[in-house]
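Structure first, commentary second.
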Amino acid sequence: MKSISRVKAALRSVGLLGAARLAYQLVDSDGRRKFGREWRALRQMHRQFYSGLKSTPRKPKHKVLVVGLTAPEEITLQAPLITAFRLAGYRPVIVLDSRSLLARAAYRAIGVDLFVYYEDYLPAAACAPDTAPDTSLESLLQISHQDAAIGRYAISWLMRTTRDGNPDLSAARRVAIQKTIESACAYAEAVRDIVDIHQPAAALLLDHGYSPAGQLFDIVLHSGGSCFSWNTAHRDGRLMLKRYGTDNRNVHPSSLSLTTWNRLKEMNWNDTCWDRLRQEIEDCYHSGEWYGEVGTQFRKRFPSQEDLKVELGLDPTKKTAVIFPHIFWDATFFWGTDLFDNYEQWFIESLKAACANDRLNWIVKVHPGNLVKDRRDGYSGEHSEITAIRESVGTLPPHVHLIDASSDIGTLSLYHVLDYCVTVRGTVGVETSAFGKTVVTAGTGRYDRLGFTVDPDSRADYLATLARLETLPPPDSAQVELARRYAYGVFVSRPVHLQSVKFAFSQDAAASLDVSGSDGQTFWCAPDVTSIAEWIESGDDDYLNDVAQL
């Protein structure tokens, strides 16, 4: 390993490391095919964008650090955001892990010419704390370095890469944990140097819950800057944008700021608003677009309420509760605080409570996004939820029914069968509450405690709630209206509909991204780009697309 590091250092010193990586990629047949696809996409980007975006109409006053991507189609999807920052007076600085020749060429195609690389700033040895063999998970999560919550980011990264929802803290895993912490410390030091040198006023990130993007998020905020997140929304062609500061750093990207929520509560509400919201949800489910990034509703069917009850074997004399598990190892410690140590522990305790309460029909709906993530990770084993069921309770009792990730039953159909939705903070809680159902949460940071959900304050209260869940009344009309106003904000008001770039997720096994862009000459005046630029300059937390209606 030391000899490999020395070779990398030597190649880096003469500027040939990127070329060497590319040559290594081309040796492999799969690598050559991937390079061919990316090269064609890159040529298309240059034809579309370069002449129109190589110069900026406004002299930049600030810098924005942009967490870089590597695939040309993903960079094309970033183009409207980066152009909007340029229009708002920022000079983008692309932060890449290493000198990827294709990535740099793709960013230059959209007019960006300033790059920094983590590998240039990583210290030979970071000042990482030595985690003792008896260090608890809670203590690991509290580790910080250079004003960054590296413990949380490191453990999240370890869980994601190992697909382990309940981190193994045994002596056998301590070496891996220590190395992950050390790596997170090194990246924190690299980010600190990058921020000190470039003095950015802002950062633009896709995900900030893993290392090293989390370190960049924390250190930019601690240095007085703002961070902007972007995520694909609930349907093709739309993004969710949020500005973060030190006051809202732990909220979910699709949550509503207090200002937005107050505007929605004051909005003139009528049946037309609910019809628009319901149509938005139902259309996306039936088209298969609903969160297509992870293929949640590809090729689903939607049986009637009565047919579904018969198909699942539900007792018609009982009410029905559905547990909607989060993927245990994905985005575990990103937002808010949880009643339980992790999603897996929450699921197991909720499952045991369901098995003990036979006065309800219970359904466990395994997250359908497992399938796409399996394909992308090259994983073919048992899903974590199934393993947890087998190891914690064994055979499910007759009143608890399982819907596997591979089921072709559309989630929308469950909304007409269930009376109770059980989640930590999943999007499903927003949807089901809008359909007039009782939602029980086990975490903060999104839509809890706003008047339309049941939010226990402790594990004991939560488990006691599940033990008597059938006694909870349905939400009243005022609560349902609150829920619908909130859902309207999430699914109608907040998403930006891109026009300068079109994108969709192919409904294949990997939910492949398909992106096309308009001519670069039209970008500067494209309605989506100018609207995003105005939002960047406004100081508002939430981008809103229908401000006039609010």
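The values are calculated or read from the model by the stated rules, or taken from the named source; none is laboratory data. Quantities reported herein were computed from a predicted structural model and do not represent experimental measurements. Cβ coordinates were reconstructed from backbone atoms using ideal geometry, including for glycine residues, and neighbour counts include every protein chain displayed. Ligands, DNA and RNA are stripped out before the accessible areas are found, and what is left, the full protein with its side chains, is counted by its heavy atoms. Shrake-Rupley method; radii C 1.70, N 1.55, O 1.52, S 1.80 Å.
In this structure, does Ser287 turn out to be at pLDDT 95 or above, surrounded by fewer than 19 Cβ atoms within 10 Å (Cβ to Cβ) and either charged (D, E, K, R) or within 23 Å of the chain's Cα centre (by Cα) (or both)?
Values: at pLDDT 95 or above: yes; surrounded by fewer than 19 Cβ atoms within 10 Å (Cβ to Cβ): yes; either charged (D, E, K, R) or within 23 Å of the chain's Cα centre (by Cα) (or both): yes.
Yes; evaluated as a whole, the condition is true for this residue.
How many residues are part of a helix (DSSP H, G or I) and either polar (S, T, N, Q) or surrounded by 15 or more Cβ atoms within 10 Å (Cβ to Cβ) (or both) if we restrict to the stretch 494-533? I'd like the intermediate steps shown before the answer.
Just the residues of the stretch 494-533 that are part of a helix (DSSP H, G or I), to begin with: 520-525, 527-533.
Cutting the leftovers down to either polar (S, T, N, Q) or surrounded by 15 or more Cβ atoms within 10 Å (Cβ to Cβ) (or both) gives us 520-524, 528-533.
Residues meeting the conditions: 11.
Name the single residue that is farthest from the chain's Cα centre (by Cα) among those in the stretch 241-265 being of a type in the set (A, V, I, L, M) and closer than 27 Å to Asp147 by Cα.
Residues of the stretch 241-265 that are of a type in the set (A, V, I, L, M), as a first pass: 241, 251, 256, 258, 264.
Of the ones still in play, those that are also closer than 27 Å to Asp147 by Cα are 241, 251, 256, 258.
On the way: Leu241: 12, Val251: 12, Leu256: 16, Leu258: 21 Å.
So the residue we want is Leu258.
For the stretch 168-178: of the residues being open to solvent by 60 Å² or more (accessible area, probe 1.4 Å) and over 25 Å from Glu349 (Cβ atoms), which is nearest to the chain's Cα centre (by Cα)?
Applying the filter and picking the extreme gives Val175.
Every residue, every condition in (1) in contact with a strand residue (DSSP E or B) (Cβ under 8 Å, 6 or more places away or on another chain); (2) at pLDDT 95 or above; (3) of a type in the set (Lys, Arg); (4) open to solvent by 30 Å² or more (accessible area, probe 1.4 Å), yes or no:
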| site | (1), (2), (3), (4) |
| --- | --- |
| Thr180 | no, no, no, no |
| Ala184 | yes, no, no, no |
| Asp196 | no, yes, no, yes |
| Gln199 | yes, yes, no, yes |
| Ser211 | no, no, no, no |
| Gly225 | yes, yes, no, no |
| Ala233 | yes, yes, no, no |
| Arg238 | yes, yes, yes, yes |
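Going through the stretch 240-263 one residue at a time, which ones are in a helix (DSSP H, G or I), in contact with a strand residue (DSSP E or B) (Cβ under 8 Å, 6 or more places away or on another chain) and open to solvent by 10 Å² or more (accessible area, probe 1.4 Å)? Quick ask: steps written out before the conclusion?
Going through the stretch 240-263, the residues in a helix (DSSP H, G or I) turn out to be 258-263.
Of the ones still in play, those that are also in contact with a strand residue (DSSP E or B) (Cβ under 8 Å, 6 or more places away or on another chain) are 259-260.
The answer is Thr259, and nothing else.
Among what's in the stretch 216-239 and is part of a strand (DSSP E or B) and either in contact with a Phe, Trp or Tyr (Cβ under 9 Å, 6 or more places away or on another chain) or charged (D, E, K, R) (or both), pick the residue that is farthest from Ile281 (Cα to Cα).
Step one: filter the stretch 216-239 for residues part of a strand (DSSP E or B), giving 226-232, 238-239.
Among the residues that remain, those that are also either in contact with a Phe, Trp or Tyr (Cβ under 9 Å, 6 or more places away or on another chain) or charged (D, E, K, R) (or both) are: 226-229, 232, 238-239.
Details: Ser226: 32, Cys227: 29, Phe228: 26, Ser229: 23, Thr232: 16, Arg238: 14, Leu239: 16 Å.
Within the stretch 216-239, the match that is farthest from Ile281 (Cα to Cα) is Ser226.
Among the residues of the stretch 158-167, are any within 19 Å of the chain's Cα centre (by Cα) and free of Cβ contacts under 8 Å to residues at least 60 places away in the same chain? Break it down stepwise before answering.
Of the residues in the stretch 158-167, the ones within 19 Å of the chain's Cα centre (by Cα) are 158-165.
Checking the rest, the ones that are also free of Cβ contacts under 8 Å to residues at least 60 places away in the same chain come to 158, 161.
Checked against the condition, which is being within 19 Å of the chain's Cα centre (by Cα) and free of Cβ contacts under 8 Å to residues at least 60 places away in the same chain, the stretch 158-167 yields at least one hit.
Any residue in the stretch 97-109 that is of a type in the set (D, E, K, R), in a helix (DSSP H, G or I) and farther than 22 Å from Ile219 by Cβ?
The first filter runs over the stretch 97-109 and keeps only residues of a type in the set (D, E, K, R), leaving 97, 99, 104, 108.
Checking the rest, the ones that are also in a helix (DSSP H, G or I) come to 104, 108.
Of the ones still in play, those that are also farther than 22 Å from Ile219 by Cβ are 104, 108.
Yes: the stretch 97-109 contains one or more residues that are of a type in the set (D, E, K, R), in a helix (DSSP H, G or I) and farther than 22 Å from Ile219 by Cβ.
I'm trying to understand the selection: among the residues of the stretch 96-125, which are among the β-branched types (Val, Ile, Thr) and surrounded by fewer than 24 Cβ atoms within 10 Å (Cβ to Cβ)? Break it down stepwise before answering.
Initially, the stretch 96-125 is screened for residues among the β-branched types (Val, Ile, Thr), giving 110, 112, 116.
Within the stretch 96-125, just Val116 meets the criteria.
Examine the stretch 371-388 for a residue that is open to solvent by less than 10 Å² (accessible area, probe 1.4 Å) and free of Cβ contacts under 8 Å to residues at least 60 places away in the same chain, and state whether such a residue exists.
Initial filter on the stretch 371-388 (open to solvent by less than 10 Å² (accessible area, probe 1.4 Å)): 372, 385, 388.
Keeping just the survivors that are free of Cβ contacts under 8 Å to residues at least 60 places away in the same chain gives none.
No, the stretch 371-388 contains no residue that is open to solvent by less than 10 Å² (accessible area, probe 1.4 Å) and free of Cβ contacts under 8 Å to residues at least 60 places away in the same chain.
Go through the stretch 397-429 and give me each residue that's farther than 16 Å from Thr320 by Cα and either open to solvent by 30 Å² or more (accessible area, probe 1.4 Å) or part of a helix (DSSP H, G or I) (or both).
Let us first name the residues in the stretch 397-429 that are farther than 16 Å from Thr320 by Cα, namely 404-410, 424-427.
Result: Asp404, Ser406, Asp408, Thr427.
Pull out all pairs, ordered by first then second residue, where Cβ-Cβ is under 7 Å, the residues are six or more apart or on different chains, the first lies in the stretch 138-156 and is more than 15 Å from Asp168 (Cα to Cα) and of a type in the set (A, V, I, L, M), and the second is open to solvent by less than 60 Å² (accessible area, probe 1.4 Å) and assigned to a loop (DSSP other than H, G, I, E, B).
These pairs meet every condition: Ile143/Pro129; Ile150/Ile143; Ile150/Ser211.
Just to check your reading of the model, which residue among Ala154, Ala184, Ala176 is over 15 Å from Ala213 (Cβ atoms) and assigned to a helix (DSSP H, G or I)? Step through it out loud before you land on a result.
Values: Ala154 fails: over 15 Å from Ala213 (Cβ atoms); Ala184 fails: over 15 Å from Ala213 (Cβ atoms).
Testing whether each residue is over 15 Å from Ala213 (Cβ atoms) and assigned to a helix (DSSP H, G or I) leaves just Ala176.
How do the pairs read when you match residues in the stretch 227-243 that are over 24 Å from Leu65 (Cβ atoms) with residues anywhere that are part of a strand (DSSP E or B) and of a type in the set (Val, Ile, Thr), using Cβ under 7 Å and keeping only pairs 6 or more apart or on different chains?
Listed pairs, sorted by first residue: Arg238/Val496.
Here is a yes/no grid of residues against (1) hydrophobic (A, V, I, L, M, F, W, C); (2) surrounded by 22 or more Cβ atoms within 10 Å (Cβ to Cβ); (3) within 24 Å of the chain's Cα centre (by Cα):
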position	(1), (2), (3)
Arg278	no, no, yes
Gly295	no, yes, yes
Arg301	no, no, no
Ser304	no, no, no
Lys309	no, no, no
Lys352	no, no, no
Arg359	no, no, no
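May I ask you to list the residues in the stretch 455-501 that are free of Cβ contacts under 8 Å to residues at least 40 places away in the same chain and either hydroxyl-bearing (Ser, Thr, Tyr) or in contact with a strand residue (DSSP E or B) (Cβ under 7 Å, 6 or more places away or on another chain) (or both)?
Those that are free of Cβ contacts under 8 Å to residues at least 40 places away in the same chain and either hydroxyl-bearing (Ser, Thr, Tyr) or in contact with a strand residue (DSSP E or B) (Cβ under 7 Å, 6 or more places away or on another chain) (or both): Thr465, Thr471, Ser477.
Give the residue, chosen from Lys318, Lys309, that is in contact (Cβ under 8 Å) with a residue 24 or more places away in the chain, of a type in the set (Lys, Arg) and out of contact with any Lys or Arg (no Cβ under 8 Å at 6 or more places or on another chain). Even if it seems obvious, please write down each step before you answer.
Working: Lys318 fails: out of contact with any Lys or Arg (no Cβ under 8 Å at 6 or more places or on another chain).
Among Lys318, Lys309, only Lys309 is in contact (Cβ under 8 Å) with a residue 24 or more places away in the chain, of a type in the set (Lys, Arg) and out of contact with any Lys or Arg (no Cβ under 8 Å at 6 or more places or on another chain).
Just one of (1) closer than 29 Å to Gly36 by Cβ; (2) within 23 Å of the chain's Cα centre (by Cα); (3) assigned to a helix (DSSP H, G or I) trips up Val191, so point out which.
Status for Val191: all satisfied but (1).
Keeping to the stretch 481-502, report how many residues are at pLDDT 95 or above and polar (S, T, N, Q).
So the count comes out to 1.
Please specify each residue of the stretch 165-211 satisfying the condition of being among the polar types (S, T, N, Q) and under 22 Å from Phe334 (Cβ atoms).
We begin by selecting, within the stretch 165-211, every residue among the polar types (S, T, N, Q); these are 166, 170, 178, 180, 183, 199, 211.
The answer is Asn166, Thr180, Ser183, Ser211.
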